[in-house]
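Peer 1: Encoded as structure tokens, here's the structure I'll be asking about.
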Amino acid sequence: METTEVIAIGREAIWTVLYVAGPVLIIALTVGLTIGVLQAATSIQEMTLSFIPKLMALVATMLIFGDYQLTILTEFFVKIFDLIPQVFNR
């Protein structure tokens with residue numbers, strides 16, 4: 001397996017991680033930032049206040065994007081498993 005092929009696989013792995021984790025991280029950041037601004041505006045300093053809304057938003061995000069995430073991961077792993085014979089034939 002050539003160096004360029006390994007770099008291409010690594011690049012694709014990074015993009016796969018971004019595609020899978022991106023929606024969840026963006027929603028968590030948005031909800032956390034919104035709750036933080038509301039807490040600052042109302043002077044409520046309860047640390048656990050942001051936990052439940054963030055958890056609910058993440059569960060909803062996983063329900064919405066879960067099929068998409070599984071599809072992306074499945075396609076990536078099928079490509080990786082298809083490359084296994086190339087590694088052992090050289």
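The values are calculated or read from the model by the stated rules, or taken from the named source; none is laboratory data. All values derive from a computational prediction rather than experimental measurement. The accessibility values were calculated without ligands, DNA or RNA, using every heavy atom of the protein model including side chains. Shrake-Rupley method; radii C 1.70, N 1.55, O 1.52, S 1.80 Å.
Peer 1: Can you pull the percent of segment 11-77's accessible area that's carbon plus sulfur, 1.4 Å probe, other chains left in place?
Peer 2: Roughly 78 percent, rounded to a whole number.
Peer 1: When the distances between all Cα atoms of the chain are binned every 10 Å from zero, what whole-number percent does each bin get?
Peer 2: 14, 32, 22, 17, 10, 4, 0
Peer 1: Ok, one more. Pick from VAL24, VAL59, VAL78: which is most flexible by mean-square fluctuation in a GNM of the chain where alpha carbon atoms under 10 Å apart are linked?
Peer 2: So, out of VAL24, VAL59, VAL78, the one fluctuating most is VAL78.
Peer 1: Using only the alpha-carbon atoms, how far is helix 51-89 inclined from the longest principal axis of the chain? Give it as 0 to 90 degrees, nearest 10.
Peer 2: 10
Peer 1: Sticking with this structure for a sec: How much length would be gained if the chain were fully extended between ILE64 and LEU49, taking 0.36 nm per residue of separation minus their Cα-Cα distance, in nm to one decimal? The partial results should precede the final answer.
Peer 2: Values: separation 15, 0.36 × 15 = 5.40 nm, distance 2.40 nm.
So the chain would gain 3.0 nm between ILE64 and LEU49.
Peer 1: Rank LEU33, LEU83 by accessible area, highest first, at a 1.4 Å probe radius?
Peer 2: Output order, biggest surface exposure first: LEU33, LEU83.
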